[in-house]
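For reference, the structure discussed in these notes is given below.
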Amino acid sequence: MRTTHLLLRAGLTVTAAAALSLAIAPGPAAALGPGISVSTAGSTVSVVTGACTQMNGSWGTASLLNSSQGSFAQGRQVALSGTSVSQSAAWSNVVPGTYTVIVMCSNGGTAGTQSVIVSAPSAPSAPPAPSAPSAPSAPTISATSLSSPSRGVLGGLGGAARDYGTLTTAVGGALVGGGVIATAWFLRRRSKPNRL
């Protein structure tokens with residue numbers, strides 16, 4: 001009778017842990033964020049992904065849309081290039097503004113969508129004043145571009161992470177929860193050796 005009661009309690013606990021892990025498991029869209037990483041350097045926008053597979057010699061296409069464009073076909077399209085680990089595309093001479101980058105893999109699936117802000121280069125510095133009325137020197141112009149990632153830095157997720165889905169996350173959470181519960185039960189039983 002006592003053994004049946006303990007087994008029933010342990011089974012209910014494992015079931016509750018599995019249900020809890022399903023309730024708090026992130027959905028597929030929230031698991032790792034977008035499958036692309038977009039960055040800017042001056043007037044160049046680049047995108048990197050590891051989500052596409054090569055089909056018929058093509059990895060896919062990336063499109064850069066400005067705020068007035070609403071579909072993938074309207075944007076500036078560039079073919080992805082790279083390897084099975086990482087694919088990339090870049091656009092140069094992009095004017096300052098807010099853009100959306102969409103990556104479509106060659107299998108028709110979307111690798112991700114992300115917004116990016118291209119900022120204007122800072123104003124050139126003033127030339128130094130000549131010290132003597134001798135021959136004028138050529139002015140020195142230096143421009144720096146301040147760009148910041150739109151979503152911060154995704155440290156450690158450089159294409160090596162994969163989204164395995166909600167089911168895999170839930171099963172893993174249930175296994176970890178079950179292991180914790182089994183360990184606690186074993187240690188509790190071991191501390192009282194006269195119990196059956």
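Read-outs throughout are calculated quantities, based only on the coordinates presented, and are distinct from any laboratory measurement. None of the values given here were measured: they were computed from a predicted structure. Glycine gets a Cβ as well: all are built from the backbone with ideal geometry, and neighbour counts include every protein chain shown.
Quick look at the values:
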{"quantity": "Selection from segment 72-86 of residues that are closer than 17 Å to S37 by Cβ and not in a loop (DSSP other than H, G, I, E, B)", "calculated": "V78, S81, G82"}
{"quantity": "Residue count for segment 35-69, restricted to those that are farther than 17 Å from V116 by Cβ and surrounded by fewer than 16 Cβ atoms within 10 Å (Cβ to Cβ)", "calculated": "5"}
